[in-house]
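Note sheet for the following structure.
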Amino acid sequence: MKPTLQDVANAVGVSRSTVSNAYSRPDQLSTALRAKILDTAQRLGYPGPNPTARSLRRGFVGAIGVLFTSQLSYAFTDPFAVRFLAGVSEAVEQHGTSLLLVPLPAEHSRVRAAVENAAVDGFCVYCVGDEDWVLSAIRDRGLPYVTTASRADAGPTDRYVGIDERAAARSVAEHVAALGHRRVALLGDAVLPDAPPGPLRLADPSEAPHPTTRGRLTGFADAFAATGVPWPAITVLNASSNSRAAGAAAVATVLAGDHPPTAVLACSDVLALGVLDALAEIGSRLAHPVSVTGFDDIAEAATAGLTTVCQPAEEKGRLAAALLLAPPADPAAGHVLLPTEPVIRTSTRPVTRS
């Protein structure tokens, strides 16, 4: 049987609270008494107060959780996620607290358990798709949260740090449209979660369940609609994951077809780099060059000459964590839209008619 705090108290001849103070409030004891308590605890094999129970008594844990719907490895391998988490970590360090990464399971039935079992004081909701079911679980715990997407239904006490996804996507699509491109393909990660890689039928961008993908597809469509290209004339491509290999696989079918697009607009730089990989593999077999755009402006985008949309990843993470750890007195200050801008490089060029 494991020794308890009461066993230490009995052995030293003091109260339970005195033993507890030896760990949590050492200034309340003399140096000699504290040393006696710790020595006795070590002799008995008592490891100290349970940290979870102690945090419950204090009313706070000293950690925030970052929720995202992906495997844990995504947080360490995806370039944008790495930069975002670097910003979160900066704010966490400044506030002297800790960080817990919480990947949510695919099954909605297990999401609530993941949220309820996370020992945190609040949540940063990052890249969680249709957020309502996640936010409901957080609200039921009575914990604060901040999201990384602006919400049309956001109340005065909601906090978010995001970008105008639709306007940002439209800005780069307008550049592509101005170059004369009309036969285009739009590429996203899990546009429809259960769809196979490659072309898919999507009646409207609003059918995409993930708000980020939905906003970007809508922005792309806006730009081409203004030039007379309706949504049904646009090819939508589904990638199985946000990876270069998945981007290359998703675009392969249409590049090998009789009428390949003259431009591919991807919802992320990683997917766009996969398209460039596929184009490099095909080489001169295409009758015309294909323009490619991405989104995020990760480091590899500049190296590849990729036209993209720049958004401040580290600042988004830093501000999201700061809003959670130090809520502003003015609720309106908890609604933050960060600036974006298109970055034009060599991956886009005027259309060449085939």
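Got at least one residue in the range 186-199 being in contact (Cβ under 8 Å) with a residue 60 or more places away in the chain, surrounded by 20 or more Cβ atoms within 10 Å (Cβ to Cβ) and more than 21 Å from Phe80 (Cβ to Cβ)? So far as the range 186-199 goes, no, none of its residues is in contact (Cβ under 8 Å) with a residue 60 or more places away in the chain, surrounded by 20 or more Cβ atoms within 10 Å (Cβ to Cβ) and more than 21 Å from Phe80 (Cβ to Cβ).
If you take the residues in the range 339-354 that are of a type outside the set (Asp, Glu) and in contact with a strand residue (DSSP E or B) (Cβ under 7 Å, 6 or more places away or on another chain), which one is surrounded by the fewest Cβ atoms within 10 Å (Cβ to Cβ)?
That would be Ile344.
For Cys310, the requirement of being surrounded by 24 or more Cβ atoms within 10 Å (Cβ to Cβ), under 18 Å from the mean Cα position of the chain (by Cα) and either at positive phi or at pLDDT 95 or above (or both) is not met.
Of the residues making up the range 205-224, at least one is in the same structural domain as Ser171 (by TED's automatic domain parsing), more than 24 Å from Ile344 (Cα to Cα), touching a Ser or Thr at 6+ places or on another chain (Cβ under 9 Å) and polar (S, T, N, Q).
Quick one: how many residues across the range 1-27 are part of a helix (DSSP H, G or I), more than 44 Å from the chain's Cα centre (by Cα) and not hydrophobic (A, V, I, L, M, F, W, C)?
5
Within the range 236-250, residues that are more than 17 Å from Ala263 (Cα to Cα) have Cβ atoms under 6 Å from residues that are at pLDDT below 95 and of a type in the set (Gly, Ala, Ser) in these pairs: Ala246/Ser240, counting only partners at least 6 apart in sequence or on another chain.
Taking the criterion of being among the polar types (S, T, N, Q) and free of Cβ contacts under 8 Å to residues at least 24 places away in the same chain, the residues of the range 271-318 that qualify are Ser284, Thr303. The residue that is farthest from Pro312 (Cα to Cα), among those in the range 164-176 that are surrounded by fewer than 24 Cβ atoms within 10 Å (Cβ to Cβ) and aliphatic (A, V, I, L, M), is Ala167. In the range 82-124, the qualifying residues are those that are modelled with pLDDT of 90 or more and part of a strand (DSSP E or B), and the one that is nearest to Thr213 (Cα to Cα) is Cys124. The single condition from (1) in contact with an Asp or Glu (Cβ under 7 Å, 6 or more places away or on another chain); (2) farther than 13 Å from Thr348 by Cα that Leu306 fails is (2).
Within the range 324-354, which residues are at pLDDT 95 or above and farther than 30 Å from His259 by Cβ? Leu338, Pro339, Thr340, Glu341, listed by residue number. Taken together, Ala149, Ala190, Ala167 contain a single residue that is closer than 30 Å to Ala329 by Cβ, among the small types (Gly, Ala, Ser) and under 19 Å from the mean Cα position of the chain (by Cα), which is Ala149.
The values are calculated or read from the model by the stated rules, or taken from the named source; none is laboratory data. All of these numbers come straight from a predicted model, not from anything done at the bench. Here the Cβ is made from the backbone with ideal geometry for all residues, glycine too, and neighbour counts use every protein chain on show.
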